[in-house]
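Asker: I'd like to ask some things about the structure below.
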Amino acid sequence: MADPSSYRPKPGQIPDSPGVYKFRDEYRRVIYVGKAKNLRQRLANYFQDLAGLHPRTRTMVTTAASVEWTVVSTEVEALQLEYSWIKEYDPRFNVKYRDDKSYPYLAVTLNEEFPRVQVMRGAKRKGVRYFGPYGHAWAIRETVDLMLRVFPVRTCSAGVFKNAARSGRPCLLGYIGKCSAPCVGRVTPQEHRDLAEDFCDFMAGRTGTYIRRLEKDMTRAAEDMEYERAARLRDDAEALRRAMEKSAVVLADATDADLIAVAEDELEAAVQIFHVRGGRVRGQRGWVTDKVEAVDTAGLVEHALQQLYGEETGDSVPKEVLVPALPDVPEAVSQWLADRRGSHVSLRIPQRGDKKDLMGTVQRNAQQALALHKTKRASDLTTRSRALEEIAEALGLGSAPLRVECFDISHLQGDDVVASMVVFEDGLARKSEYRRFQIKGFEGQDDVRSMHEVIGRRFKRYLQEKERTGEWEEIRSPGVTGPVPAPDTAPAAEPSHFRDGSPQDEPRGDGSPQDEPREHGPREDESREDDGRPKRFAYPPQLVVVDGGQPQVAAAKRALDELGIDDIAVCGLAKRLEEVWLPDEDDPVVLPRSSEGLYLLQRIRDEAHRFAITYQRAKRAKRVRSSPLDDIAGLGETRKQALIKHFGSVRKLRQATIDEICEVPGIGRRTAESVAVALAGAAPPAPAVNTATGEIIDEDDGGSTS
């Protein structure tokens, strides 16, 4: 690891003009390329105190061994040179988008004597006109099949074309009228090229001219009583309309634009692009990238624009590019795009109307692409195994942690403090074994104390289960000379904390929850099956992960030490910098940015956070909807609703006599007495006030139940 001060340029050496800079490692390999409007100011940011740098930037400058720069005259030149160097050197610390698939294009080889229509993938070739990209190759073939009725362009390979020319007999498409058969001289090379150019014009969005011409010819043929020709022209026009319908109209006619959206998290980003030509979506593509450098949405957009248009010229660059965030220097990027197109290009954020609505659709596609990428990554057995091995190596564990439990605390300004426990086995979530806790030992906001309480309660259950099943071991704590007794200070069996109105099942893709394991699981104190076998809740994990840094880790370790448990590893994952903290360590463990172990720890932590905040919101919602009737034993939801419906409000019910309460269907005298006593002892709520007018809102009018 190099010290950045060892290669820091001397003051005054760096010019204050625009330019591009390269960081090289000790082997002279380029590891990062960047551009700057002012090289002196930008490079100074890399040589400040390491503690003030973003972790990814800190890793880059400590990996580098030298820095060099090239001065240019304009920011546009800097943008172009940066793109060229990134393509040339492929630096490891630059964002590099990778296609999540190889997208097919509809290509017309105008560089040949007899242009050919075909499906192409990979790098674009000079002299070939491209349309797309398309999601599937079969979509291209369906479109081409419809259009060959009107534009019978050659689609055969070079070998088939030569064999037909040698034999003087065209292929099947030539016989059925879907090829003009230039191989046997039915049309001249120029006539065939005109057909290919008309095909390109139609695909580029200039559709109205051809359909109107076909309809005009059809009408003239019908007037001349050439009914067979008129019918054929009618079918040709219908074929073109069907080809147009395959790409829905989303914007005004003649609109040429590319819409770019970004979905990102701390580690990865997904980019989706919709290509709109002639007001219709003509193609779609997407990329996924690791965020190996400290980059925001604007930076991701700029990298996407370089990737998308770096090799394009002319009409391949649209008149309008819509993005979710403008690059840091939008004028330079706009000018760079205009230079590549040869005319003005509008780079902007859509604010309203159809374009903003379509941008929302592109954004949803980007989010779905990122989620799908993560799902594929998590479901791969080899990847999961490598992740667990990396975690074991980083934390110094003897073996891979096959069972990992993660804990998180959630509250709203100190109210409704709850905790979650999620379980991952072999790198996969076990939702049937999730647990949720209410914090009972104290009131108020104290995440460290809450974490200590939850860890203690969870592992007290574990020790009690070991004693109950005869698996008790002599667990010794520091300073303890005899066997540690079963903890007798554990709270009595507590209520469920799982049935607060939240759904009990995770829905399946078809809307049916029956086959999905219950996410919330059994009660916290239910640790055995009916046949006496211990449930998984009674098993210890190899690793406990807490959401937080040093204080939370220390609290979890202290709870385990107090119980005499010393064979379970503990770590914490701090969300801000994605650092892994270990007990009694002053410095965190920084896993490599590309580490599958870091990705798995982040996914476990995020799942614990989701589970905790869902429970906390459900508790808060229930508390807001609470009523004095909730505490009356034997009074169910149906009879509560009957009372409120009969009297109109809790206040009127409080004023009613026992005999009047007995008039409600289903309410007996004993229940009526319980209701009267409970409401008499409950303080009436403060009156509601209309904050706009200052008047008191009568409860009778609002039908309140509290």
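Asker: Once the piece of chain linking Q368 and R234 is laid out straight, how much longer is it, given 0.36 nm per residue of separation minus the C-alpha distance between them?
Answerer: Numbers: separation 134, 0.36 × 134 = 48.24 nm, distance 4.14 nm.
The span from Q368 to R234 would gain 44.1 nm if fully extended.
Asker: On to the next question. Using 7 Å Cα-to-Cβ label points, what is the R468/R670 separation (nm, one decimal)?
Answerer: 3.2
Asker: Which number comes out as Rg/Rh for the range 246-358 once both Rg and the Kirkwood Rh are worked out on C-alpha atoms?
Answerer: Working: Rg = 13.8 Å, Rh = 14.4 Å.
Checking Rg against Rh, the ratio lands at 0.95.
Asker: Treat each spin label as a single point 7 Å out from the Cα along the C-beta direction, and report the K10 to E389 distance in nm.
Answerer: If labels sit at K10 and E389, their model points lie 5.0 nm apart.
Asker: Okay, moving on. So what is the accessible area of the range 285-415 per residue, in Å², with the probe set to 1.4 Å?
Answerer: Numbers: 5950 Å² over 131 residues.
That works out to 45 Å² per residue.
Asker: Round to the nearest 0.05 the FRET efficiency obtained for Y227 and V160 when R0 = 45 Å and r is the Cβ-Cβ distance. Present the calculation step by step, with values, prior to reporting the outcome.
Answerer: On the way: r = 35 Å, r/R0 = 0.78.
My answer for the efficiency is 0.80.
Asker: Would you mind getting the accessible area per residue of the range 6-156, heavy atoms of the protein chains only, 1.4 Å probe, in Å²? Intermediate values should be presented prior to the final figure.
Answerer: On the way: 7460 Å² over 151 residues.
Solvent-accessible surface per residue comes out at 49 Å².
Asker: Then there's this: Mind scanning K431/K640; K10/K87; K124/K319 and naming the pairs with a C-alpha gap bigger than 25 Å? Each step should come with its number before you reach the end.
Answerer: Working: K431/K640 34 Å; K10/K87 30 Å; K124/K319 21 Å.
In this structure, K431/K640; K10/K87 lie more than 25 Å apart at Cα.
Asker: Still on this structure: Give the Kirkwood hydrodynamic radius (Å, one decimal) of the range 253-308, defined as one over the mean of 1/r across all pairs of different Cα atoms. Write out the running numbers ahead of the final one.
Answerer: On the way: mean 1/r = 0.0830 Å⁻¹.
Hydrodynamic radius (Kirkwood, Cα pairs) of the range 253-308 is 12.0 Å.
Asker: How much length would be gained if the chain were fully extended between A294 and D586, taking 0.36 nm per residue of separation minus their Cα-Cα distance, in nm to one decimal?
Answerer: Values: separation 292, 0.36 × 292 = 105.12 nm, distance 2.46 nm.
Full extension of this stretch gives 102.7 nm more.
Asker: List the residues, sorted by chain then number, that are 5 or more residues from S66 or on another chain and whose placed amide H is less than 5 Å from its amide H.
Answerer: Placed amide hydrogens put R24 under 5 Å from S66.
Asker: Once phi is turned into ³J(HN,Hα) by the Karplus curve 6.51 cos²θ - 1.76 cosθ + 1.60 with θ = phi - 60°, what whole-Hz value does each residue of the range 552-569 show in order, with x for glycine and proline?
Answerer: So the J values, rounded to whole Hz, are 5, 5, 4, 5, 5, 5, 5, 5, 5, 4, 5, 8, x, 9, 10, 10, 10, 6.
The values are calculated or read from the model by the stated rules, or taken from the named source; none is laboratory data. This one's a predicted model, so the numbers in the text were calculated from it and none came from an experiment. Reconstructed Cβ throughout: ideal geometry from the backbone, glycine too, with neighbour counts over all protein chains shown. Ligands, DNA and RNA are stripped out before the accessible areas are found, and what is left, the full protein with its side chains, is counted by its heavy atoms. Shrake-Rupley method; radii C 1.70, N 1.55, O 1.52, S 1.80 Å.
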